[in-house]
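A.B. asks: Encoded as structure tokens, here's the structure I'll be asking about.
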Amino acid sequence: MDDMENWPEVEKAASGKRRELVLQDQPVDERISSNGGLPSAIYSLTLLNYLEVSQCPSLTEIHEDIQKLTNLTSLILCRNKIASVPNGVLGHLKSLKVLDLSVNDLSVLPEGIAQLKELNTLNVSCNRLEVLPQGLSQCTKLSTINISKNRITAFPDDLYSEKLDLLSSVVASDNSIGQLSGDVNKLSALKVLDMSNNKLSEIPSELSDCSKLKEINFKGNKLHDKRLEKMVNGCQTKSILEYLRGKGKGKQAEDGGGGDIDTGKRQQQRKKKGKMADKEEQEVEELNKMVVRVLHVSEAPAALTVTVSAAVKDVRPYLVCCVVRGMNLHSGNALKRFLVAQTKLHDDLCGKRTVATIATHDVQLLKAPLVYDVKPPTQLKIVSLGRKELTAVELIRQLQLEADELRKQKKRQNVTGLHKYLQILQGKEQYPCLVDAEGHVISFPPITNSEKTKIKKTTKELFLEVTSATSLQTCKDIMDALIVKMAELNKFTSEHREEEAGAGGSDGEGAGPQEESSSELIIQQVRTLDQDGNLKVAYPSKTDFSNDVGSNLTVIW
């Protein structure tokens, strides 16, 4: 029998007739281990709408009694070690809208998922799945599916269904999928499709019929069509869809032949070949615009350096930094696009900041030299973005209160913003921070930057930092990806400067056509040193940008 004194959260939820229960992290994991699983009393909390049990490696299975929680609308069981789900159990949760089984050890999903008629979000990423269950087309309210980082070789046939007319996001990256069916055009609401790092050799022309498609990613696939592969590596969604549309028309022309129009067809084909040649030349020119020039430390005697304290070793030991010039943030929505891209990197490559964290600063507002150090939570003070100066303890307490309020307002869905990163620091006695020459904390990873060094539309030089508790190579890979994304955004801004000219507004004429005409970025190396002044790392080095992430980038050393 469960000792309820060890489960105050469950007892509180029961006595207060609460509709939300969150259990996570090491203290809960230890109790699960000693108890042999979750306490049976949980399954009597039939009023629950929201149940989350996360980051508990001792949780290896879902108990069949979970089917008693028929009022659940959100079931979050992520970052555990769940290896099995009893068949038919989940099918009893008829009200379920959000199911998150990501980062577990699942090799198969139960067929019962297909019975969840209210389901709108399914996240089973980072498991060991080889197939998806048939019947997903019965979940007609599905809006988002994330199956990334599994071993899946194909989509089930009924995923390409007109019944799924609300399905707007499919993330299937890092699998072994060998084919995308032309029936993908039946997904009329599709806006986001990520098929990167699979085994595709072709992209069906029918994809261009998805009229709402805004974002596609096919990087990391060995496509037969090398021109298309080049466009894919450049992340040019609009160009890719136009190209696929053209291929589709070409197929139609070939299939609809007739003797009386052979001459006309040949003329059309000659014109088409000429246009394709011109387009290929234009694409090469566009890709050549994605240039970064590295400025070596020896070429900039006053280059920034960062001293790394030995104390960070046990907290968040890895750091790489650099300075970027030439990033156009003043035109139209350029700054907004950059911030959105940074958020996406945090959610994807950075694993919601659990793998690494990116911070950006205005170089003109930095007071060098900088020190990467640790401070106790009560002594770390920062003017975080959009807030007054607070200690880390006060800031986290404030964020936790806001998170609780958000859950109530949003009817107990997952919280967003900074609130979802608080658990990363739980149990830490020291917090990492980047400190300037005046002793001000300008960065508190993985939570926030300082308002003092916040980038704006007028920012001309950016100081970039990536920190991680995983490895130095992780920091470098994330920084590579960030700079490639900045080059892509800068190219986009440069190419669309005329339509955005009026949007610059208050930035004045100082940011004229001459300044916008080049999308080249200059990356100035930044060295990180140990406390004795010995070099730890200089970024970028000639070994960086060598993987696929920089394949569409020209680096001048």
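A.B. asks: According to a simple spin-label model (label point 7 Å from Cα along Cα-to-Cβ), what is the distance in nm between D404 and D157?
C.D. replies: The answer from the label model is 5.3 nm.
A.B. asks: So how far apart, in nm, are the two label points at S176 and K388 if each is 7 Å from Cα heading toward Cβ?
C.D. replies: 5.9 nm
A.B. asks: Another question about this same structure. Mind putting a number on the dipole of segment 344-395 about its Cα centre? Charges go on the C-beta only, +1 for Lys and Arg and -1 for Asp and Glu, and I need it in Debye to the nearest 20.
C.D. replies: On the way: 8 positive and 6 negative charges, 18 e Å.
Using Cβ point charges on Lys, Arg, Asp and Glu, segment 344-395 gives about 80 debye.
A.B. asks: Compute the convex hull volume of the Cα atoms of segment 123-248, divide it by the residue count, and report the result per residue in Å³ as a whole number.
C.D. replies: 84 Å³
A.B. asks: Can you give the extra length, in nm with one decimal, that the chain gains between K226 and Q134 once fully stretched, where that is 0.36 nm per residue apart less the Cα-Cα distance?
C.D. replies: Extending this stretch completely gives an extra 29.7 nm.
A.B. asks: Can you give the three extents of the C-alpha atoms in segment 20-145 along their principal axes, from longest to shortest, in whole Å?
C.D. replies: Taking max minus min along each principal axis of the Cα atoms, segment 20-145 gives 40, 33, 22 Å.
A.B. asks: Can you list the residues, at least 5 places off or on another chain, whose amide H is less than 5 Å from the amide H of S384, using H built in the peptide plane?
C.D. replies: Counting only residues 5 or more places away or on other chains, the set is L390, E451.
A.B. asks: Mind listing which trypsin sites (Lys or Arg not before Pro) in segment 437-498 are in a DSSP loop and have 10 or fewer other Cβ atoms within 10 Å?
C.D. replies: Passing sites in segment 437-498 are K456.
A.B. asks: DSSP loop GluC sites (Glu not before Pro) in segment 86-176 with at most 12 other Cβ atoms within 10 Å of their Cβ, which ones?
C.D. replies: Filter output for segment 86-176: E162.
A.B. asks: For the pair A189 and K17, how long in nm is the line joining their label points, each one 7 Å along Cα→Cβ?
C.D. replies: A separation of 3.4 nm, rounded to one decimal place.
A.B. asks: Explain nothing, just the number: dipole magnitude of segment 157-204 about its Cα centre with +1 on each Lys and Arg Cβ and -1 on each Asp and Glu Cβ, in debye rounded to the nearest 20. Walk me through the numbers on the way to the answer.
C.D. replies: Details: 4 positive and 8 negative charges, 21 e Å.
That gives a dipole near 100 debye.
A.B. asks: Here's a follow-up. Taking H as built 1.01 Å from N, whose amide H comes closer than 5 Å to the amide H of A189, not counting residues under 5 places away?
C.D. replies: Amide H neighbours of A189: L167.
A.B. asks: In nm, what is the difference between 0.36 nm times the number of residues separating S107 and S33 and their Cα-Cα distance?
C.D. replies: 24.4 nm
A.B. asks: Taking the square root of 5 times each eigenvalue of the Cα gyration tensor, what semi-axes in Å does the equivalent ellipsoid of segment 31-70 have, largest first?
C.D. replies: Taking √(5λ) for each eigenvalue gives 18, 11, 9 Å, largest first.
A.B. asks: Here is a follow-up. Work out from phi, with θ = phi - 60° and the Karplus expression 6.51 cos²θ - 1.76 cosθ + 1.60, the ³J(HN,Hα) of each residue of segment 428-441, listed in order in whole Hz, and give x for Gly and Pro.
C.D. replies: 7, 8, 10, 10, x, 7, 9, 10, 8, 5, 8, x, 7, 7
A.B. asks: DSSP loop (so not H, G, I, E, B), at most 16 other Cβ within 10 Å: list which GluC sites (Glu not before Pro) in segment 181-228 pass both filters.
C.D. replies: Passing both the DSSP loop test and the Cβ count: E202.
A.B. asks: Can I ask one more? Might you work out the accessible area of S143 for me, using a 1.4 Å probe with all protein chains in place, and round it to the nearest 10 Å²?
C.D. replies: Here the residue's solvent-accessible area equals roughly 40 Å².
A.B. asks: Which value results for Rg/Rh of segment 1-63 when Rg is the Cα radius of gyration and Rh the Kirkwood radius based on the inverse mean 1/r?
C.D. replies: Using only Cα positions, Rg/Rh for segment 1-63 is 0.92.
A.B. asks: Tell me which residues come under 5 Å, amide H to amide H, from V320 once H is placed; ignore anything under 5 positions away on its chain.
C.D. replies: Under 5 Å from the amide H of V320 lie the amide H atoms of V466, each far enough along the sequence or on another chain.
A.B. asks: Given just the C-alpha atoms of segment 308-397, how large is their convex hull per residue in cubic angstrom?
C.D. replies: Cα-based convex hull of segment 308-397, divided per residue, equals 147 Å³.
A.B. asks: State in Å² the accessible area per residue of segment 186-236; use a 1.4 Å probe, count heavy atoms of protein chains only, and round to the nearest integer.
C.D. replies: Averaged over the residues of segment 186-236, the accessible area is 44 Å².
A.B. asks: Starting from one equal scatterer on each C-alpha and no solvent at all, send me the Debye-based log10 I(q)/I(0) for segment 435-500 at q = 0.14, 0.16, 0.25, 0.27 Å⁻¹, two decimals.
C.D. replies: Summing over Cα pairs of segment 435-500 leads to -0.61, -0.76, -1.20, -1.24.
The values are calculated or read from the model by the stated rules, or taken from the named source; none is laboratory data. Source: prediction; values computed, not measured. Heads up, the Cβs are rebuilt from the backbone with ideal geometry, glycines too, and the neighbour counts pull from every protein chain shown. Accessible surface is based on the protein model in full, side chains and every heavy atom, while ligands, DNA and RNA are left aside. Shrake-Rupley method; radii C 1.70, N 1.55, O 1.52, S 1.80 Å.
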